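One structure is given below, encoded as structure tokens.
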Amino acid sequence: MNLLFPLLAVLIWSVNTIVSKLSAGSIDPAAISFYRWLLALVVLTPFALPGVLRHRQIIRANLWRLLILGLLGMVLYQSLAYYAAHSVSAVIMGILGATIPLLTILLSLVVLRLAPTRGILIGGVLSFAGLVWLVSEGHPAQLLQQRLGQGELMMLAASTSYALYGVLTRRWAIPLPNWQSLYVQIGFGVLLLLPGFLRAPDVALNAQNIPLVLFAGLFASIIAPFLWILGVQRLGASTTSLFMNFVPVFTAVIAVLFLHEQLHAYHWIGGAMTLVGVLLAQRLKTPLRAPRPLAE
């Protein structure tokens, strides 16, 4: 039963990748980003605001940290993904999004002084090779003659942003309950997204895009994190994090069934290499350097 919590969360996030792809033709990226987090903020207010007021001194002391987290997790990650959806397939978005655990480990080497392991080295090289194979559609030499696509760059930047979000969350360890911290970050996210929303050419809601906003604002922003937190509490952070590797698999299946996207050999090969690399980085904990023996 406990396995269902992270599994359902990952399924919701996978569907949200499809929602991001569908939004490309029905609503401006700046508009869905703003509406999504505004809806989440409104829904969470009755539950989170009383606790936020009680912890206002802690919040005031960590205001700039919460602002940066809101920028990375709510603004950059989601906005870049919405823009990337205009030129990248949902399958590739899912695979590139699956690099977040690996990017988190790599950033932790610098930010958290994490000791390098053989898994990080081997997994990093293998995942990089898989990504090159994927974005070059099985012809790596072509990348020497042409630039990486703008959509792929945006999606990689989005994944890096969220990975940094996770690393900084761990480093700063702001002494706030999860939902109160998330609520303040969402509030900053809404404020930071407002200028782009006001400059967007068309922010109208209609029958086509309202379901997309509702799913992103309720299911992907509130219900999925709630299920994920339950998974962490019941299974532990290390075990729960492994479920993120199902995102590209679920995304690919849904994209093929509902968006009629085609899976090619380079998807299978590049995606498999990327995922195996991520798994190695997560699970192979052998230190890269053997510890020095103590002098007698």
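Here, each number is a calculation from the coordinates, and none is a lab measurement. None of the values given here were measured: they were computed from a predicted structure. Note that each Cβ is placed from the backbone with ideal geometry, even for glycine, and that neighbours are counted across all protein chains shown.
Numbers for the structure displayed
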item: Among the candidates GLY231, GLY217, residue that is within 19 Å of LEU71 (Cα to Cα) and either part of a helix (DSSP H, G or I) or within 16 Å of the chain's Cα centre (by Cα) (or both); result: GLY217
item: Of residues in the range 47-101 being surrounded by fewer than 19 Cβ atoms within 10 Å (Cβ to Cβ) and of a type in the set (Phe, Trp, Tyr), the one nearest to ARG170 (Cα to Cα); result: TRP64
item: Pairs, first more than 15 Å from ALA31 (Cβ to Cβ) in the range 69-89, second charged (D, E, K, R) and surrounded by 24 or more Cβ atoms within 10 Å (Cβ to Cβ), C-beta under 8 Å, six or more apart; result: SER89/LYS21
item: Residue in the range 253-263 that is within 28 Å of LEU121 (Cβ to Cβ) and either out of contact with any strand residue (DSSP E or B) (no Cβ under 6 Å at 6 or more places or on another chain) or not in a helix (DSSP H, G or I) (or both) present; result: no
item: Sole residue being in contact with a helix residue (DSSP H, G or I) (Cβ under 9 Å, 6 or more places away or on another chain) and over 30 Å from ALA265 (Cα atoms), chosen from ILE59, ILE92, ILE100; result: ILE59
item: Test result for THR239, assigned to a helix (DSSP H, G or I), free of Cβ contacts under 8 Å to residues at least 24 places away in the same chain and surrounded by 13 or more Cβ atoms within 10 Å (Cβ to Cβ); result: yes
item: Subset of the range 249-272 [within 12 Å of GLY138 (Cα to Cα) and of a type outside the set (Phe, Trp, Tyr)]; result: HIS264, ALA265, HIS267, ILE269, GLY270, GLY271
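For (1) under 20 Å from the mean Cα position of the chain (by Cα); (2) within 22 Å of PRO201 (Cα to Cα); (3) aromatic (Phe, Trp, Tyr); (4) not in a helix (DSSP H, G or I), each residue gets a yes or a no:
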site: MET1; (1), (2), (3), (4): no, no, no, yes
site: ILE27; (1), (2), (3), (4): no, yes, no, yes
site: ALA30; (1), (2), (3), (4): yes, yes, no, no
site: PHE34; (1), (2), (3), (4): yes, yes, yes, no
site: TRP37; (1), (2), (3), (4): yes, yes, yes, no
site: GLY70; (1), (2), (3), (4): yes, no, no, no
site: ILE105; (1), (2), (3), (4): yes, no, no, no
